[in-house]
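Data block below; observations after.
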Amino acid sequence: MPSSPSMKLEDLFFQEPENGYPPKEDSWLLAKNIPSVQGKKCLDMGCGSGIQTAALLMQGAGEVACVDINPDALAKTRQLVSSNFPNAKIETVQSNLFEKVEGKFDVIVFNAPYVPSEGIK
């Protein structure tokens, strides 16, 4: 749960991961349309800045596995969660897609990148 019941997704600061990109229109669209996931075990594939992790937590996720191949994205997501959701239960996994992901999930969210690798600074 958010540290404040009146917290909105727009109130949070999302850091751009090194060799990644900040939340764009598609990220916001997905995040704002995540339904209630009260108490569910969720997976945020390609967590990036952590926007989908935050949305899942704000919608009541019981726990979230945050997966990304980029170690800086995992660090940014951990920082976002510790600053805004101090009691949240998350796990971060550095993995190429599902390669190192274990377990079953009730909900999987994946805002897949669509920018060619050369387009990322």
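The values are calculated or read from the model by the stated rules, or taken from the named source; none is laboratory data. Keep in mind the model is a prediction, meaning the values are calculated, not measured. No Cβ is skipped: glycine too gets one built from the backbone with ideal geometry, and neighbour counts run over all protein chains shown.
Listed by first and then second residue, the pairs linking a residue in segment 99-113 that is free of Cβ contacts under 8 Å to residues at least 60 places away in the same chain and closer than 13 Å to Gly46 by Cβ to a residue that is hydroxyl-bearing (Ser, Thr, Tyr) and outside any strand (DSSP E or B), with Cβ atoms under 9 Å apart and 6 or more places separating them unless they lie on different chains, are Val101/Ser95. Scanning segment 75-89 for residues that are among the small types (Gly, Ala, Ser) and part of a helix (DSSP H, G or I) yields Ala75, Ser82, Ser83. Within the option set Lys40, Lys32, Lys89, Lys24, being at pLDDT 95 or above, closer than 19 Å to Pro113 by Cα and basic (Lys, Arg) holds for one residue only, Lys32. Restricting segment 101-121 to residues that are at pLDDT 95 or above and surrounded by fewer than 10 Cβ atoms within 10 Å (Cβ to Cβ), the residue that is nearest to Gln59 (Cα to Cα) is Lys104.
Kindly check whether there is at least one residue in segment 47-55 that is more than 12 Å from Asn111 (Cα to Cα) and modelled with pLDDT of 95 or more. So that I can check it myself, show each step before the final result.
Kept after step one, since they are more than 12 Å from Asn111 (Cα to Cα), are these residues of segment 47-55: 54-55.
If we keep only those that are modelled with pLDDT of 95 or more too, we end up with 54-55.
There is at least one residue in segment 47-55 that is more than 12 Å from Asn111 (Cα to Cα) and modelled with pLDDT of 95 or more.
If you go through segment 34-74 and pick out every residue that is without any contact (Cβ under 8 Å) to a residue 40 or more places away in the chain and part of a helix (DSSP H, G or I), you end up with 3.
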